[in-house]
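Heads up: the structure comes next, in structure tokens.
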Amino acid sequence: MIMYFKFKSRFRHRAVIDITSLIDLVFLLVAFFMITSSLGSESSITVHLPKAVQSGQYKKHNMVISVNEKNEIYINDKLFSKDSLLKEFKKRKKERKELTVVIRGDRKTNYETIVKIMDTLNQAGIPKFTLSTVK
């Protein structure tokens, strides 16, 4: 005679949610946003900025004008001649109503070049700009 015993388990079956894939997804999203976010890089043009005792922070800019030690003018890392600046500034002013401009001039740049850029910005109807320095 075979006897069967039915034992009841002390452990109840509980619903289990596997969150491994959810954790993987969160890490992928964090990595994606870290890689694609702007880390404050202004321009790839090497410019040795002058030092200033007091300087402020600016938050957002649309156009970065870099002038290197050879007095070459770059707008958002693209080289422009002095003669084509007014036309380019007017074009960008039409595209955006509120245009925030940062001027990054090398220490060895001619003062005349920076003044020419500021004058051309005013002629194009962009009176607000910031001069970039290091603290």
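The values are calculated or read from the model by the stated rules, or taken from the named source; none is laboratory data. Note that the structure is predicted; figures quoted are calculated from it, not measured. Please note: Cβ atoms are built from the backbone with ideal geometry, for glycine as well, and neighbour counts cover all protein chains shown.
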Would you pick out the residues in the stretch 88-102 that are aliphatic (A, V, I, L, M) and either over 16 Å from Asn76 (Cβ atoms) or without any contact (Cβ under 8 Å) to a residue 40 or more places away in the chain (or both)?
Leu99
Restricting the stretch 72-84 to residues that are under 23 Å from the mean Cα position of the chain (by Cα) and not β-branched (Val, Ile, Thr), which is surrounded by the most Cβ atoms within 10 Å (Cβ to Cβ)?
Tyr74
Condition first: more than 20 Å from Lys78 (Cβ to Cβ) and assigned to a helix (DSSP H, G or I). Now tell me which residues in the stretch 103-128 satisfy that.
Tyr111, Glu112, Val115, Asp119, Asn122, Gln123
Before we move on, is Val64 of a type in the set (A, V, I, L, M) and in a strand (DSSP E or B)?
yes
Just to be sure I understand, how many residues within the stretch 93-102 are within 9 Å of Met63 (Cα to Cα) and either modelled with pLDDT of 85 or more or in a strand (DSSP E or B) (or both)?
2
Quick check on my filter: what residues within the stretch 96-135 are of a type in the set (S, T, N, Q), within 17 Å of Asn71 (Cα to Cα) and exposed (fewer than 15 other Cβ atoms within 10 Å of the Cβ)?
Asn110
